[in-house]
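First up is the structure itself, then whatever we jot down about it.
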Amino acid sequence: MEVVIPKNPADVGRLATDKVASVVRARPKAVIGLATGSSPAFIYAELARRVRDGEISFAEASGFALDEYVGIPFEHPQSYASVISREVVEPLGFEPARIWIPDGRADDIDKAATEYDEGIAAAGGIDVQILGIGANGHIGFNESTSSFSSRTRVNTLAPRTREDNARFFVDTSQVPIHCIVQGLGTILEARQLVLVAQGSAKAEAIARAVEGPVSSMVPASALQLHPHAIVIVDEAAGSQFLLADYCCTFANKPVR
Ligand code: F6R
């Protein structure tokens, strides 16, 4: 795993954007794995700027969201279908027909989950998966004890996750209890993983994910098993690394 702590916190998003952009430039029909939440917001904003400036195009690319809440309508402003449409599809100019979101409203949600994985496979697999991390170490909504071989499925949100995401709703009671999420096994099949984290609230989770041990109690530690994973964090999020001095790149230049 490559770990990068840029000197300038603003470079977390810029370096992650460079990674995603290089994949899309090399392969205009790239398949992008799309995280939601605050962490990747800068990546989407910076990619949108590059689209506006004509540096890159997502017109031929496809996208698969990591997760969706179960039990709120698609049109709810905080459904990930709405968030991805508002923050990703429209500003980046994706073709809406090439964007997939796990179906949290399906009558047969297990079937919808199986079909989601089949859809990823039919698209040729995910070229680059954008990831954030929960303060409890989750990636996607794969909470502690998620199997490293799990596939897209219904999962229960941890109380900490519902509290953390209450800022997007009226209060914690309004945050759905269940979600449908790409499994850790699904995520690990992506050809590249790019995880970003900002702020001291993520420091413990990032340190446990990167420095181990590999454990289902820290789902993000699954990245240690991936051959092409990069973790880009600001100094606050990297503040609990024990081995930062010789394991991390303190970058002030674009990563490869
Ligand atoms: C949601 C997702 C989650 C978030 C995590 C951090 O699609 O992938 O794993 O990345 O909950 O959320 P933020 O970035 O809002 O702190």
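Among the candidates ALA65, ALA48, which residue alone is hydrophobic (A, V, I, L, M, F, W, C) and under 17 Å from ARG14 (Cα atoms)?
Just a single option satisfies the conditions, and that option is ALA48.
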Any hit, the stretch 147-160, residues being near the ligand (Cβ under 10 Å from one of its atoms), out of contact with any Ser or Thr (no Cβ under 9 Å at 6 or more places or on another chain) and hydroxyl-bearing (Ser, Thr, Tyr): no
SER85 is checked against (1) within 16 Å of the ligand (Cβ to nearest atom); (2) part of a loop (DSSP other than H, G, I, E, B) and fails just one. What number does that condition carry? (2)
Which numbered condition in (1) within 12 Å of the ligand (Cβ to nearest atom); (2) free of Cβ contacts under 8 Å to residues at least 60 places away in the same chain is the only one that LYS29 fails? (1)
Within the stretch 100-124, which residues are in contact with an Asp or Glu (Cβ under 6 Å, 6 or more places away or on another chain), part of a loop (DSSP other than H, G, I, E, B) and touching a residue at least 40 places away in the same chain (Cβ under 8 Å)? PRO102, GLY104
Criterion (at positive phi, within 16 Å of the ligand (Cβ to nearest atom) and of a type outside the set (Lys, Arg)) met by exactly one of GLY54, GLY37: GLY37
Could you please give the count of residues in the stretch 113-130 that are over 15 Å from the mean Cα position of the chain (by Cα) and either crowded, with 20+ Cβ neighbours inside 10 Å or among the β-branched types (Val, Ile, Thr) (or both)? 4
If I filter the stretch 189-203 down to residues being among the aliphatic types (A, V, I, L, M), more than 10 Å from the chain's Cα centre (by Cα) and within 12 Å of the ligand (Cβ to nearest atom), which single residue comes out as nearest to VAL20 (Cα to Cα)? ALA197
So, PRO96, is that one away from the ligand (no atom under 16 Å from the Cβ), at pLDDT below 95 and not aromatic (Phe, Trp, Tyr) or not? no
Which one of these is among the β-branched types (Val, Ile, Thr) and away from the ligand (no atom under 11 Å from the Cβ): VAL128, VAL181? VAL128
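So that you can scan it fast, the table gives a plain yes or no per residue for (1) in a helix (DSSP H, G or I); (2) surrounded by fewer than 23 Cβ atoms within 10 Å (Cβ to Cβ):
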residue: VAL12; (1), (2): yes, no
residue: VAL20; (1), (2): yes, no
residue: GLY33; (1), (2): no, no
residue: PHE42; (1), (2): yes, yes
residue: ALA48; (1), (2): yes, yes
residue: PHE64; (1), (2): no, no
residue: PRO73; (1), (2): no, yes
Collect the residues in the stretch 185-204 that are under 27 Å from VAL31 (Cβ atoms) and surrounded by fewer than 24 Cβ atoms within 10 Å (Cβ to Cβ), keeping them in residue-number order. GLY185, LEU188, GLU189, ARG191, GLN192, GLN198
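The values are calculated or read from the model by the stated rules, or taken from the named source; none is laboratory data. Since the structure is predicted, the reported quantities are computational estimates derived from the model, not experimental observations. Every residue, glycine as well, gets a Cβ built from its backbone with ideal geometry; the counts of neighbours run over all protein chains shown.
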